[in-house]
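The next block holds one structure in the form of structure tokens; read it before the comments.
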Amino acid sequence: MPDNFFNLNNPDFFGILIRFVINMAFIFVLIRVIYFRYSKKEKFLFTFFMMGITVFFVSSMLKSVFIEFGMAVGLFAIFAILRFRTRNFGLKDMSYIFTTIAISLINSLKLVGFPVLGVVIFNIIIIISAIFLEEFALRNNTTTFSIIYEDLELLQSAKKPKMLKEFSDLTGKEILKYRIRKIDYKKKVASIDVSYKD
């Protein structure tokens with residue numbers, strides 16, 4: 001590492017600080033604004049923020065300590081998998097972990113000849129993608145369970161809207177769709193999968 005790296009007059013030092021501010025702004029939006037709004041999991045906020053900060057500074061120092069970038073990405077990925085595989089993390093939580101790592105890696109790079117605006121645009125694309133996917137999942141998040149239905153005559157003759165209302169009244173849920181899984185004509189019952197918005 002060069003002796004003057006931490007010299008306040010060193011442009012590389014100021015460049016890292018500027019990129020760090022950009023990184024923290026987008027990490028804050030991703031984790032505190034988007035993730036916490038949709039998940040309400042406050043216990044993971046510390047982990048995500050510290051991971052973003054640590055990954056950013058380690059990646060920023062790669063040029064000085066002569067570590068190849070590909071090796072660093074591999075180390076971060078292996079660390080994340082080994083550290084969190086025994087924790088009760090859902091798929092969405094793991095997605096946010098790797099998104100936090102990715103954003104921090106992108107913002108830590110000193111790309112010669114590449115405009116800062118381009119990096120900011122990449123960050124914005126990731127943030128917008130997270131919002132869009134969260135809204136899509138929220139609107140299409142349904143729970144499915146099975147019920148035993150005994151009125152086969154009504155099942156065969158009724159129209160779909162009427163059956164949806166019948167199932168809604170029967171279950172006390174606003175049923176969005178149903179699927180007849182099995183009909184036992186001997187017992188005169190039907191096994192039906194019904195779905196409602198969670």
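The values are calculated or read from the model by the stated rules, or taken from the named source; none is laboratory data. Keep in mind that what you see is a predicted model, and the values were worked out from it rather than measured. Methodologically, a virtual Cβ is constructed for each residue, glycine included, from the backbone with ideal geometry; neighbour enumeration extends over all protein chains shown.
Could you tell me which residue of the range 103-157 is modelled with the lowest pLDDT, considering only residues that are polar (S, T, N, Q) and in a helix (DSSP H, G or I)? Once the filter is applied, the top-ranked residue is Ser157. Scan the range 172-198 for residues that are under 11 Å from Ile148 (Cα atoms) and either buried (at least 16 other Cβ atoms within 10 Å of the Cβ) or of a type in the set (Val, Ile, Thr) (or both) and the total you get is 6. Scanning the range 139-163 for residues that are surrounded by 15 or more Cβ atoms within 10 Å (Cβ to Cβ) and under 29 Å from Tyr38 (Cα atoms) yields nothing.
Inspection of the range 92-99 identifies at least one residue that is surrounded by 13 or more Cβ atoms within 10 Å (Cβ to Cβ) and basic (Lys, Arg).
With respect to Lys188, is the statement that it is touching a residue at least 12 places away in the same chain (Cβ under 8 Å) and at positive phi true? In short, yes.
Take Phe56 and tell me if it is of a type in the set (A, V, I, L, M, F, W, C) and either assigned by TED's automatic domain parsing to the domain that holds Glu134 or modelled with pLDDT of 70 or more (or both). The answer is yes for Phe56. Set side by side, the residues Leu164, Leu170, Leu176 differ, and just one is in contact with a strand residue (DSSP E or B) (Cβ under 8 Å, 6 or more places away or on another chain) and assigned to a strand (DSSP E or B), which is Leu176.
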